[in-house]
Each structure stands twice: as C-alpha cells, then as structure tokens.
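For reference, the structure discussed in these notes is given below.
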C-alpha cells in the first residue's frame, strides 16, 4: 500500500487500492494504470537530498509539529496521507512520520482512531530484522500518525521500475526473508493483508524490510462497509478470498508473497487487466503460466514454489509463511555453490570433478619426487604434520584447511635449501608447496582464498599475537536475539561475530516462536569458535 517518493523513508506514501471515488472514470471498463494504482500524481519523485546539507537534524527548519515530533521536510504524499522526516527531541534522532488522513465523518473518526491505535500497537510489538520498526503512534489535530525508523534505500516496486531484475537466487533469498518476517508476525496474530513490492523496502541488495503492517485493514475497512468495494490490498497481489471478501487468515499473505516471487523471477505480473474488474477476475479465475515457461532461465523448482504459493484454494497453498520459507531455504542450500550472491546460510563445499583430484595426485607425485631430491630429509616430519590441522581450527574455519596450515604448522622447509639450487630444477621447486597444499585440501579441493577469508585469517593471526580474547562466530536461522552471560549482545543476523574474553561463556539465543537455545562455549585467546543454531529443526 505504499510507494515512497524518495530514496529514504519509513512507510512509503501510496494507497493500497483506490476507493470508489478514486477509480478512473468509466467504471470497470476504464484502463487501470500504475499511476492510478499508486494514487500519486504523474510527476517526478521528490529527491531526499533536497534537505539542506551540512546541518544537524535539530538545526533544520521546522515546518510543523505532530505530537512531540518536529517536522523537518516532506518525503512524499499519497492518497492516505503524507510522510515526513521528523526530529525526535527526546531521543535526538531523525525518524519518519506517516500521517493518515481519510475523508470520514466525525462519527466514524472515533471508531477509526480506536481501530488504528489497536493495529498500531500490534505493529509496534513486532521486533524482527526484516520488519520496519515502529516507535510510536497516536492521534493529533492533523489526524492519526505513526512514527517509525527512517530507511535508506528503495522499495521493490521502485527497483523494478528502474529496470532491476534479480537473479533467481537473489529473488529466492529476498522472498525467503520476507516469509520469515511474515511467519514471525503471524505468530503474534498479525496478518499483513497487503504484501506487494511497494511494501517491501530494500536497505541492501538482499535485506528487505516489510512496511505497513495493519494499515491496509484500517484504511479500507470503512470503504468496504460503506460501498461493498474490494477491501484491503493492491488488486494485482490480492488473494482470491480477499477479492471475494471472505474471511482471511495468514495464507492470504502466502498468496501475495507468491505473486511477488513470480514477478521477481519473470519480470511480469501473473494477473493483469485493463480495469479493476479484469484484474480481480484474473486473480479469481485465471491460472498464469508457470514462471519457468515465461522465462527459461528460471529454475523449475522455484517456479513450482511460486505456483504452489499462488494456489486459488488456501488449503492447496503452503499452510504458513514458515513452510514457504523452509521450502525456499532448502532450495538455497542445494544451490548455494552455484552462486556468488551472499546468503545467511553456510554454503556447502563445492565438490571438484574427479579429474581434478587425479591431476592433483599426479602433480603431487612429480613435485614430491623433485622436492625429495632437493630437500634435506629431516623435513619429513613436517610433511607428516600437514594433513591433520588442530581440531578447533577445523571446526571454526571451514574454508580451506590448506589456508590455515601455515599458521599452525611449520609447512615444508623448502625455501632454505631449494632456493640455493633453483637452477637445477626450478619448476618442481616452485610447484612443491602448492602441490602439498593440494593434498591437504583434496577432500574437497580448496578454492582460492577470498578477500573475506584472508581478512578473517589475518584477524585470527592478530588475536594469536597475545590478546587474551577470542572470536565467537554466530550463525542463526531464521533469526535470534543473542545474549552473552545474560546480557544482550544483538540480533543475529545481521550480528555474526563477537569478540569475547578468555574463558567459558553461556550463549543464549531467543526467538519468540521457539524455546530459547543455550550453549556453553570456551573462548581460547587467539582462536575462534563457531556456534550455529537453526530454530525449528
């Protein structure tokens, strides 16, 4: 129900479905355009960077007040109200304020305000990495308002209009994270009812934030009762039961998210029409072609996931957003090695073809023979020590054991002797160390060290230099609030690493949907320990 008109906003300002008075002239036969769906005038978006530069937030001119908040400048405007950047004097921070201004009678306003505040309280109780944070809500002379975090980025609708088409892996990852957010909200009894690209705000390449929980229900309840119109949601993404004005549950969000997945995979909407009636009829009656039939580059498994999520009968869909998330997670895990895109899951080791293993053995034989002839025999014990690195290092740093070997093993003393006789047989001498490393990483062959892995290795080397601290690496799925010895440490993800003092610590990870998980870890100076936990597994 939103469409920000700037590059930074909290709730974006456009209505979900225009009411009867805002439909295009001509009734159901009139064309339905993106501009009309947005409820915004066809004009350029307001740039966020229009605010005065080099000024602190509280020094910007104040254009008005809502509650305790000083309005600084307008971010955008839509059919439901306006969005402002505002200064919170209590916490000295810049936030986003969304006002809701509906044309309703004085008699209706009291019940509307009560419903709005109830929905705002429900949204304000949601705390999840992929849901926008609501700070406050209230009613002022200017109408009802919501105060929330100010986000920097673009919503999916804007990105699509700008020509961005995600890879299948990016699409699956974004939708999986939105599904995690919805599953969390559903566990709190909150159904969104208006999932669409404009309500999925991207603050990073694969970091979505879901906007406008509860707003669709509030904004359109009086219209549905008064006019019998389609209630809540954008017509392209509404579920059949919403179109029919039947009771809805969490599965209506699953349907809408399936439509979003389909659009991200194919670049087209599955349900289209020249009028509101044509669009809603398509939602109820039309079965779109599978995503992989529209775009041959779409993996069939992802196409099947989108199709199941968009089943007309709620009983035939995924029973929950959690089930949809789980299906996407399995696909991402199976295809992690096929993509360089970041995921929050540890990729499975990439298995080299057998021919590479054979080549490694041959190279080892040649290089080993040359090294034997050119090196002192007392180097033998060093060679014997290379394959088994210390157990704790293997557990902590899965990326290649061969990279870790130099930090813990003297590693063949080739430079001392072969350098003096390099002219005799230079190629074998130069190849000897890599061949030895290839043997260490033969199961599977070690990939080339990435910049991230190099930085991690260098950080561990610095820790080993004498600091009485160690590193705890954390991987939590789908998310969890991390506590160290009873003290909050952050939310994972994005938290993935902590530097802790030497000794034993109790790590507790909490997710309101599952029982808390606790584990005791022993931190050794200069070393790293991994802690992984998946709720619901």
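The values are calculated or read from the model by the stated rules, or taken from the named source; none is laboratory data. Keep in mind that what you see is a predicted model, and the values were worked out from it rather than measured. Cβ: placed from backbone, ideal geometry, glycine included. Neighbour counts: every protein chain shown.
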Of the residues in the range 483-517, those that are under 19 Å from the mean Cα position of the chain (by Cα) and over 18 Å from residue 181 (Cα atoms) number 2
Could you tell me whether residue 90 is surrounded by fewer than 19 Cβ atoms within 10 Å (Cβ to Cβ) and assigned to a strand (DSSP E or B)?
no
Looking at the range 122-140 only, could you name the residues that are assigned to a helix (DSSP H, G or I) and surrounded by fewer than 22 Cβ atoms within 10 Å (Cβ to Cβ)?
122, 124
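In this structure, is residue 51 modelled with pLDDT under 85 and closer than 21 Å to residue 151 by Cα?
Numbers: modelled with pLDDT under 85: yes; closer than 21 Å to residue 151 by Cα: yes.
Yes, satisfied.
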Going by the conditions given, is residue 269 part of a loop (DSSP other than H, G, I, E, B), modelled with pLDDT of 95 or more and assigned by TED's automatic domain parsing to the domain that holds residue 126?
yes
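From 119, 108, grab the single residue that is surrounded by fewer than 17 Cβ atoms within 10 Å (Cβ to Cβ), in contact with a helix residue (DSSP H, G or I) (Cβ under 7 Å, 6 or more places away or on another chain), outside any loop (DSSP other than H, G, I, E, B) and at pLDDT below 80. Spell out the reasoning first.
Values: 119 fails: surrounded by fewer than 17 Cβ atoms within 10 Å (Cβ to Cβ).
On inspection, the qualifying residue turns out to be 108.
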Hits in the range 67-87 (condition: more than 16 Å from residue 212 (Cβ to Cβ) and in a loop (DSSP other than H, G, I, E, B))
67, 68
Failed item, numbered, when residue 282 is tested on (1) on the phi < 0 side of the Ramachandran plot; (2) in contact with a helix residue (DSSP H, G or I) (Cβ under 9 Å, 6 or more places away or on another chain)
(2)
Can you give me the number of residues within the range 77-105 that are at pLDDT below 80 and on the phi > 0 side of the Ramachandran plot?
1
If you check residue 253 against the conditions, is it surrounded by 24 or more Cβ atoms within 10 Å (Cβ to Cβ), within 19 Å of the chain's Cα centre (by Cα), modelled with pLDDT of 95 or more and assigned by TED's automatic domain parsing to the domain that holds residue 110?
yes
Could you please find all residues in the range 526-537 being at pLDDT 90 or above and surrounded by fewer than 16 Cβ atoms within 10 Å (Cβ to Cβ)?
532
Of all residues being in contact (Cβ under 8 Å) with a residue 12 or more places away in the chain and in a helix (DSSP H, G or I) in the range 57-66, which is farthest from the chain's Cα centre (by Cα)? Just the residue, please.
58
